[in-house]
Amino acid sequence: MSEGINFSDRLGRCVIVVGLPYPNIASPDWKAKLEYIETTTVARLTTSEGLGREEATARGKSTARDFYENACMRAVNQSIGRAIRHRGDYAAIVLIDKRYGTDKIRGKLPGWIRDGLERDSHEKGLGGLMGALGGFFRSKAGKSTC
């Protein structure tokens, strides 16, 4: 989706995100970013915090991994934000990937999205999704002036 395009009010009532849009980890830019984060974290932890090399390396890898995941989730959150532009606006949000059910990924979603997610919805299949979407839009019918 191009930058600067917003679908507020009736122009966008559903956002479907299929998978997790991770950047290409094999690209030279991402390799350099992750290596820089890892090495600077290790250097900081070994010099200023006095950690051993092994523990500092593990934390450096974890910090780089978090940075990589945050880039992915920023793209997800920006996509969702294209349809929901103000407090009175609404849109169904469909996240299609089992990993959205994990606490680590779920925890990187904004609270207002996380609070509205249905737990174990993947077990209901497509029929359950269609029923939930129908119920969501029926509940919104006539309530919005947008």
message = Against the condition at pLDDT 90 or above, exposed (fewer than 15 other Cβ atoms within 10 Å of the Cβ) and in contact with a Leu (Cβ under 9 Å, 6 or more places away or on another chain), how does Arg99 come out, does it pass?
response = yes
message = Any residue that is more than 12 Å from the chain's Cα centre (by Cα), among the aliphatic types (A, V, I, L, M) and surrounded by 15 or more Cβ atoms within 10 Å (Cβ to Cβ) - is there at least one of those in segment 77-89?
response = yes
ask   = Does Ala71 satisfy the criteria of being of a type outside the set (S, T, N, Q), over 15 Å from the mean Cα position of the chain (by Cα) and either surrounded by fewer than 17 Cβ atoms within 10 Å (Cβ to Cβ) or within 27 Å of Asp103 (Cβ to Cβ) (or both)?
value = no
task = Just need a number here: residues in segment 112-127 that are surrounded by fewer than 14 Cβ atoms within 10 Å (Cβ to Cβ) and over 18 Å from Ala83 (Cβ atoms).
result = 8
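The values are calculated or read from the model by the stated rules, or taken from the named source; none is laboratory data. Bear in mind that the values here come from a model prediction, so they are computed numbers and not experimental data. Every residue, glycine as well, gets a Cβ built from its backbone with ideal geometry; the counts of neighbours run over all protein chains shown.
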